[in-house]
Amino acid sequence: MRFISQEFRTTLFLKFFGFLKVPMIFYCNPKVVRISEGSVEIKISLKRKTKNHVGSMYFGALSVGADITGGAIALDLIKKSKCKINLLFKDFKADFLKRAEGDVHFICNDGQLISDMVKETEISKKRINKPITITAYVPTKFKEEPVAKFILTLSLKAY
């Protein structure tokens, strides 16, 4: 049996989920670069489908990247959970700092916070809302300087 990486499995899950539930995710074709319990990095390529009229990534595609990056760790933890948990984002704040003129890498390092949220909603069965941070980079153009920063309020509820 061949080893299939967690990154590849999560990428396939996102494609499947996007195709069936949220076509915009499928359309943007995200790839998981790395994933762990503490962080996730997802890439959306700058292509004809994700560009705006000035050649940088369209803000809708950037929003999709932030959304799935924020949700990827939570979805993985929810799958491992013994409870059924609904995941939603209650709000979305974006600061676009530079033009994203290349493949964009989205990084979320709030895995521990999300894990604590999953455990808390399993125990309390109450809705838990906490802000999570996602940062977007274009490594080929700006190295480690962010092109956008996002704060999304993750909302979890066990039922």
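The values are calculated or read from the model by the stated rules, or taken from the named source; none is laboratory data. Note that the coordinates shown come from a computational prediction; the quantities given were computed from them, not determined experimentally. Cβ sites come from the backbone with ideal geometry, for glycine too, and all protein chains shown count toward neighbours.
Set side by side, the residues V54, V104 differ, and just one is surrounded by 13 or more Cβ atoms within 10 Å (Cβ to Cβ) and either modelled with pLDDT of 95 or more or in contact with a Gly (Cβ under 9 Å, 6 or more places away or on another chain) (or both), which is V104. Among the residues making up the stretch 27-38, a single one is over 13 Å from the mean Cα position of the chain (by Cα) and in a helix (DSSP H, G or I): Y27.
Look at K82 and say whether it is free of Cβ contacts under 8 Å to residues at least 60 places away in the same chain, over 19 Å from K31 (Cβ atoms) and in a helix (DSSP H, G or I).
Numbers: free of Cβ contacts under 8 Å to residues at least 60 places away in the same chain: yes; over 19 Å from K31 (Cβ atoms): yes; in a helix (DSSP H, G or I): no.
Taking the combined requirement at face value, the residue does not satisfy it.
Look at I73 and say whether it is part of a strand (DSSP E or B), β-branched (V, I, T) and touching an Asp or Glu at 6+ places or on another chain (Cβ under 9 Å). Here the answer is no, as I73 does not meet what is asked.
One residue alone among K21, K31 is exposed (fewer than 14 other Cβ atoms within 10 Å of the Cβ) and basic (K, R), and that residue is K21. On the stretch given as the stretch 117-159, residues that are among the acidic types (D, E) and in a helix (DSSP H, G or I) total 2.
Scan the stretch 45-86 for residues that are under 15 Å from P146 (Cβ atoms) and β-branched (V, I, T) and the total you get is 1. Within the stretch 39-70, being within 19 Å of R9 (Cβ to Cβ) and either basic (K, R) or part of a strand (DSSP E or B) (or both) holds for V40, E41, I42, K43, I44. Every condition in (1) out of contact with any Leu (no Cβ under 6 Å at 6 or more places or on another chain); (2) at pLDDT 95 or above is met by Y159 except one, and the failing one is (2).
When D91 is tested against the conditions (1) part of a strand (DSSP E or B); (2) over 11 Å from the mean Cα position of the chain (by Cα); (3) surrounded by 14 or more Cβ atoms within 10 Å (Cβ to Cβ), the lone failure is (3). Taking the stretch 55-84 as the range and being closer than 16 Å to D110 by Cα and small (G, A, S) as the test, the residues that pass are G65, A66, G70, G71, A72, A74.
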